[in-house]
Amino acid sequence: MRPILAFACALSFALPALAAVTVSDVKIQQRWPWNGLVDIDYTVTCDTPDADIYVYPTALDGDRRIAIAPRTLTGAGATGPVKAGTHRMTWDLAADNPGLHSSAFTVTIHAYAGAAPYMVLDLSAGAEATHYPVTYHSACPDLTDDAYRTTKMVFKLVIPGTFMMGSPSTEAGRTDNEDLHQVTLTQPFYMAIYECTRQQWAQVTGKLPEQFYNNRANGPAQYVSWEDIRGSVAALTWPSTEQVDNGSFMGKLRMRTGLTFDLPTEAQWEYACRAGTSTPWSTGDDPSKINGIVNADPYDTKVVGSYAPNAWGFYDMHGNVEEWCVDAAYTHLGTDAETDPKGSPGDYARVVRGGWADSKATDVRSARRDWESKTYRNADVGFRVICRPGVK
């Protein structure tokens, strides 16, 4: 393996009403002789000296325009918070990316105070519960435990940022409703790392979704409409309000936690799907490298999380089922820059994103858009939960 040429930068973010954090002096050093390890030194300052500060690096291979998730981290900040000061973590780059070499490799350090990067929603008390516990964690739970696909939900914090939504005119499979334009998201949100499963749906509502071809408890919830998820009365006031009907899936989650659970906006969905990339898929330009499910048989959905996550830790963004978004459907995104877009008012169709490839990789591109009636129930559409906009 040839050594990489690495550069470093830093991004800092203070959650609303919480301590301001700054990262500086980020330095990356490859071990020599090369053994696959990269040391990342960084300095954190904070206006609240005793604050717990969470840091995580993201990486980009600039040659291939591929985001790379540093999963094999050790050292300060790798598995828990740090305090203000100078720290080092070590990345086993060779383990995560065997054979990687790059002339334009960038590592970015993200830092924030006051909110853990992971949130767990415990649904184990079932549909008769009056309260669901919510806990916050500095590291991802052990996902080999199938409870996180059946009786619990794991959420990852998504840091606000700016990205290019839509696709360039040269992208294979592009349709003319994918107008390329700049979008800035100003609010953090937690997003479920998996699509909602059949069993999770049953834990909240008391009944399984309509039986389908693959009837796995830990497979995606199918045959659930936008109205089943959000409601058909108060829910229709979106985007002027964020209300949902109390008897809906999201209404039950809100009443049992006191938190604002919902569907993602179309912009939030694409931002999380891209995970810092601008290529057709979050894994790059090569459709054979998709971290998802392009079904040889579109009716054969898989257990959620069957394939590797994207660089931000989200599974099945490029496969399994399409996912409902909260936005009303509209034909064109437009080319003007936007901040926190919510879509236009509407009473019929709602946006769906990702999934259900029917053997075509271009159908699961990050920018691909589609929509269905808000009452639509079928095997090809499921959903993913977010918690917005405030974070504890």
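The values are calculated or read from the model by the stated rules, or taken from the named source; none is laboratory data. Remember, it's a predicted structure, so these values are computed and weren't measured experimentally. Cβ coordinates were reconstructed from backbone atoms using ideal geometry, including for glycine residues, and neighbour counts include every protein chain displayed.
Here are the numbers:
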| item | result |
| --- | --- |
| Search result, residues across the stretch 254-269 that are surrounded by fewer than 22 Cβ atoms within 10 Å (Cβ to Cβ) and closer than 29 Å to residue 184 by Cβ | 254, 257, 258, 259, 260 |
| Index of the failed condition, residue 138 passing every other in (1) farther than 23 Å from residue 291 by Cβ; (2) in the same structural domain as residue 201 (by TED's automatic domain parsing); (3) modelled with pLDDT of 85 or more | (3) |
| Residues satisfying the stated conditions in the stretch 69-99, i.e. within 15 Å of residue 30 (Cβ to Cβ), crowded, with 20+ Cβ neighbours inside 10 Å and of a type in the set (A, V, I, L, M, F, W, C) | 89, 91, 93 |
| When residues of the stretch 210-237 are limited to those that are of a type in the set (A, V, I, L, M, F, W, C) and in contact with a Pro (Cβ under 8 Å, 6 or more places away or on another chain), the one farthest from residue 327 (Cα to Cα) | 221 |
| Restricting the stretch 333-351 to residues that are surrounded by 14 or more Cβ atoms within 10 Å (Cβ to Cβ) and not in a loop (DSSP other than H, G, I, E, B), the residue that is nearest to the chain's Cα centre (by Cα) | 351 |
| Residues that are over 14 Å from the mean Cα position of the chain (by Cα) and either among the polar types (S, T, N, Q) or outside the structural domain of residue 228 (by TED's automatic domain parsing) (or both), drawn from the stretch 299-330 | 301, 306, 320 |
| Condition check for residue 224: in a loop (DSSP other than H, G, I, E, B), within 30 Å of residue 125 (Cα to Cα) and either among the aromatic types (Phe, Trp, Tyr) or modelled with pLDDT of 95 or more (or both) | yes |
| Residue check, residue 301 assigned to a loop (DSSP other than H, G, I, E, B), in contact with a Lys or Arg (Cβ under 7 Å, 6 or more places away or on another chain), in contact (Cβ under 8 Å) with a residue 40 or more places away in the chain and farther than 26 Å from residue 118 by Cα | no |
| Members of the stretch 179-209 found to be assigned to a loop (DSSP other than H, G, I, E, B) and in contact with a Pro (Cβ under 9 Å, 6 or more places away or on another chain), listed by number | 180, 186, 187, 188, 193, 194, 195, 196 |
| Filter result (under 30 Å from residue 87 (Cα atoms), touching a residue at least 40 places away in the same chain (Cβ under 8 Å) and part of a strand (DSSP E or B)) within the stretch 98-135 | 105, 106, 107, 108, 109, 110, 111, 112, 113, 119 |
| Yes/no for residue 282 being of a type in the set (Ser, Thr, Tyr), in the same structural domain as residue 199 (by TED's automatic domain parsing) and touching a Ser or Thr at 6+ places or on another chain (Cβ under 9 Å) | yes |
| Of residues in the stretch 230-249 being part of a helix (DSSP H, G or I) and in contact (Cβ under 8 Å) with a residue 24 or more places away in the chain, the one surrounded by the fewest Cβ atoms within 10 Å (Cβ to Cβ) | 236 |
| Residue in the stretch 42-58 that is in a strand (DSSP E or B) and over 17 Å from residue 26 (Cβ atoms) present | no |
| Qualifying residues in the stretch 49-79 (those that are at pLDDT 85 or above and β-branched (Val, Ile, Thr)) - the one farthest from the chain's Cα centre (by Cα) | 74 |
| Answer from 226, 201, 238, 269 - the residue that is closer than 21 Å to residue 310 by Cα, assigned by TED's automatic domain parsing to the domain that holds residue 314 and among the aromatic types (Phe, Trp, Tyr) | 269 |
| Of residues in the stretch 198-229 being closer than 16 Å to residue 385 by Cα and polar (S, T, N, Q), the one surrounded by the fewest Cβ atoms within 10 Å (Cβ to Cβ) | 205 |
